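Take a look at the structure below.
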Ligand SMILES: [Zn+2]
């Protein structure tokens, strides 16, 4: 059976197999003499770092470029699009994650309510770690993420928790994943509120009862 999900995965694989590459001279210097060859590979000159850059999706061509670079002693770099921090992940988060109530989000790690203006958006699996670990990239792809900036990998966090977490994983991931369900925090806060009210009511009643009994004793 060829399921929809399988097809979706294959589509993602094809998309992510498009790799960004850069070619430069090992110790800086002009790339002028390689210009024709680089252009025939479909790469464009980037004056900023004196390199030729482009996106390649054909494996054959990629191998050809790698061979050429090796033969001519050129520096060949792969840039991985999947684990690059995007500039608009914050907006992407707000598009897909609605506030718990009004304009308020709950921090995924400690549950503190924070306004939309002050909430930070955290990469659950940190960008740097995903970049360094093919295993984590695989894991994220299996979760259905198109990149490290996929809304699946974004959670709301208060400033304190965000800086405390840094690039940590482990239990932070579990906490963050559970805590990203905003309704759970809402429920927890409501239950806590009800519990406090209930305790106060019970305390007040027993206080009344005790003082009532004392009045009764002192009256007799
Ligand atoms: Zn927090």
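The values are calculated or read from the model by the stated rules, or taken from the named source; none is laboratory data. Fair warning: this is a prediction, and the values are worked out from it, not measured in the lab. With ideal geometry, Cβ positions are generated from the backbone for all residues, glycine too; neighbour counts draw on all protein chains shown.
Could you check how many residues of the range 97-114 are under 15 Å from residue 178 (Cβ atoms) and within 10 Å of the ligand (Cβ to nearest atom)?
6
I need every pair where a residue in the range 87-114 that is farther than 10 Å from residue 185 by Cα and touching a residue at least 40 places away in the same chain (Cβ under 8 Å) has its Cβ under 7 Å from the Cβ of a residue that is in a helix (DSSP H, G or I) and away from the ligand (no atom under 16 Å from the Cβ), sequence separation at least 6 or different chains.
Here the result reads 92/151; 93/151; 96/151; 97/151, each pair linking the range 87-114 to a residue that is in a helix (DSSP H, G or I) and away from the ligand (no atom under 16 Å from the Cβ).
Could you check the range 139-158 and list, in sequence order, the residues that are within 16 Å of the ligand (Cβ to nearest atom) and either outside any loop (DSSP other than H, G, I, E, B) or at positive phi (or both)?
154, 155, 156, 157
Could you please find all residues in the range 159-169 being within 13 Å of the ligand (Cβ to nearest atom), exposed (fewer than 15 other Cβ atoms within 10 Å of the Cβ) and within 15 Å of the chain's Cα centre (by Cα)?
163
Has the range 143-152 got at least one residue that is under 20 Å from residue 171 (Cα atoms) and exposed (fewer than 13 other Cβ atoms within 10 Å of the Cβ)?
Yes, the conditions are met somewhere in the range 143-152.
Residues to consider are 185, 172; find the one that is surrounded by 13 or more Cβ atoms within 10 Å (Cβ to Cβ), within 16 Å of the ligand (Cβ to nearest atom), outside the structural domain of residue 111 (by TED's automatic domain parsing) and in a helix (DSSP H, G or I).
After ruling out the rest, the residue left standing is 185.
For residue 123, indicate whether it is surrounded by 15 or more Cβ atoms within 10 Å (Cβ to Cβ) and within 16 Å of the ligand (Cβ to nearest atom).
Answer is yes for this residue.
Determine, yes or no, whether residue 152 is under 19 Å from residue 85 (Cβ atoms) and out of contact with any strand residue (DSSP E or B) (no Cβ under 6 Å at 6 or more places or on another chain).
Criteria met by residue 152.
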